[in-house]
Amino acid sequence: MPELRRRVAIWRQAGESVAVVPTMGALHEGHLSLVRQAKAEGGRVIVTIFVNPLQFNSQADLALYPRDEAGDAALLAGSGADLLYVPEASDMYPADFSTSVAVAGLTDGLCGANRVGHFTGMATVVTKLFLRSGADCAYFGEKDFQQLRVVQRMVRDLDLPIRVIGCPTIREADGLAMSSRNRRLPQAARAVAPALYRLMQEAAVALEAGGDVGAVLAETGAAVLAAGFARVEYLELRAEDDLTRLERLSRPARLLAACWLGEVRLIDNVPVRAPAGREDRDAPC
Ligand code: AMP
């Protein structure tokens with residue numbers, strides 16, 4: 001950590017702003033897009049790689065999480081990153097570590113429902129990374145939409161002096177959202193995987209055309225299974241801003257899903273625009 005502090009202090013003395021891009025490594029174009037966006041907005045960019053044990057609710061999932069330090073360093077060279085920060089777990093969490101950051105409500109459903117402790121672990125490590133880096137702004141992907149909203153809420157609630165910027169999801173040519181977990185997809189499953197985004201886009205079109213929310217979700221869930229997915233963990237329509245569950249398309253929304261393809265859990269989300277005139281006048285923002 002002293003090296004991180006020293007470098008940031010030098011940049012600050014030179015009047016430069018500092019951005020941080022927290023990741024768990026096994027980097028791909030999605031991660032690099034955050035680095036490029038951070039760089040494009042000026043200042044120095046710190047990329048952190050930390051496979052955070054606190055946010056895995058399964059030891060097996062933690063053990064299987066892809067790691068590729070050499071590949072990551074090679075990808076980052078030329079990306080615009082100024083510093084790669086890779087802390088050790090023992091440094092992040094000393095043996096008597098006993099503090100956590102929990103964001104209530106927003107974390108109850110979706111990825112929070114089936115991954116006990118996931119968001120508390122994530123919020124705790126992100127808080128530490130924000131404080132260690134002292135960054136002015138942080139870049140997160142919309143790919144993990146609930147995570148983005150949780151981090152934004154946490155920053156607002158705790159008055160953390162950092163600006164959180166959401167960046168669009170980067171996809172493979174066939175539409176599959178890029179993810180470190182895609183590396184674990186066998187070839188046959190990889191061929192099935194793009195169906196999730198395709199069916200979610202079709203659902204968004206049907207919802208925007210006035211389709212019944214319950215019926216569209218049920219049809220889409222069935223189509224995802226028919227395409228070859230093993231299980232739909234969740235497929236829900238939520239308000240874009242505060243993730244309230246929506247029974248009707250009354251506000252700008254997101255369709256969010258987590259689905260299992262064999263042993264691999266994929267998540268994705270697509271925006272769903274509320275038709276003009278159907279937005280609730282008293283919708284909270
Ligand atoms: P991860 O390494 O999966 O924890 O992701 C680190 C950051 O990269 C998070 O802010 C993610 O939302 C973001 N990210 C991951 N995949 C993508 C993607 N396909 N497009 C844009 N951002 C992404």
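The values are calculated or read from the model by the stated rules, or taken from the named source; none is laboratory data. Everything numeric in this text was worked out from a predicted model, so none of it was measured. Using ideal geometry, Cβ is built from the backbone for each residue, glycine included, and neighbour counts are taken over all protein chains shown. Protein only, heavy atoms only, side chains kept; ligands, DNA and RNA dropped before computing areas. Shrake-Rupley method; radii C 1.70, N 1.55, O 1.52, S 1.80 Å.
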For this session: Working only within the stretch 192-203, note down all residues that are open to solvent by less than 60 Å² (accessible area, probe 1.4 Å) and either more than 14 Å from the ligand (Cβ to nearest atom) or on the phi > 0 side of the Ramachandran plot (or both).
Result: Val192, Ala195, Leu199, Met200, Ala203
Exercise. Do we have Ala113 as among the hydrophobic types (A, V, I, L, M, F, W, C), in contact (Cβ under 8 Å) with a residue 60 or more places away in the chain, surrounded by fewer than 18 Cβ atoms within 10 Å (Cβ to Cβ) and more than 16 Å from the ligand (Cβ to nearest atom) here?
Worked result: yes
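Mind checking which residues of the stretch 90-104 are touching a residue at least 24 places away in the same chain (Cβ under 8 Å) and open to solvent by 90 Å² or more (accessible area, probe 1.4 Å)?
Result: Thr99, single match.
Each row is one residue, and each column tells you yes or no for (1) over 23 Å from the mean Cα position of the chain (by Cα); (2) surrounded by 19 or more Cβ atoms within 10 Å (Cβ to Cβ); (3) at positive phi.
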site	(1), (2), (3)
Val164	no, yes, no
Arg171	no, no, no
Ala177	no, yes, no
Arg190	no, no, no
Val205	yes, no, no
Asp212	yes, no, no
For this session: Would you please name the residue that is farthest from Ala177 (Cα to Cα), looking only at residues in the stretch 191-250 that are touching a residue at least 60 places away in the same chain (Cβ under 8 Å) and aromatic (Phe, Trp, Tyr)?
Result: Tyr234
For this session: Mind listing whichever residues of the stretch 62-89 are open to solvent by less than 30 Å² (accessible area, probe 1.4 Å), touching a strand residue (DSSP E or B) at 6+ places or on another chain (Cβ under 9 Å) and not aliphatic (A, V, I, L, M)?
Result: Asp72, Ser79, Gly80, Tyr85, Pro87
Exercise. In this structure, does Asp136 turn out to be among the acidic types (Asp, Glu) and either within 16 Å of the ligand (Cβ to nearest atom) or within 22 Å of Tyr65 (Cα to Cα) (or both)?
Worked result: no
Exercise. Among the candidates Val150, Val155, which residue alone is surrounded by 22 or more Cβ atoms within 10 Å (Cβ to Cβ) and farther than 21 Å from His28 by Cα?
Worked result: Val150
Exercise. Name the residues in the stretch 220-233 that are buried (at least 16 other Cβ atoms within 10 Å of the Cβ) and not aliphatic (A, V, I, L, M), would you?
Worked result: Thr220, Gly221, Phe229, Glu233
For this session: Examine the stretch 214-231 for a residue that is touching a helix residue (DSSP H, G or I) at 6+ places or on another chain (Cβ under 9 Å) and assigned to a strand (DSSP E or B), and state whether such a residue exists.
Result: yes
Exercise. How about the stretch 1-35: which of its residues are in a loop (DSSP other than H, G, I, E, B), surrounded by 14 or more Cβ atoms within 10 Å (Cβ to Cβ), at pLDDT 95 or above and of a type in the set (A, V, I, L, M, F, W, C)?
Worked result: Met24, Leu27
Seminar exercise, completed: Of the candidates Phe145, Phe130, the one satisfying the condition of being near the ligand (Cβ under 10 Å from one of its atoms) and either hydroxyl-bearing (Ser, Thr, Tyr) or in contact (Cβ under 8 Å) with a residue 60 or more places away in the chain (or both) is Phe145
For this session: Output the residues belonging to the stretch 185-213 that are in a helix (DSSP H, G or I) and more than 20 Å from Pro271 (Cα to Cα).
Result: Gln187, Ala188, Ala189, Arg190, Ala191, Val192
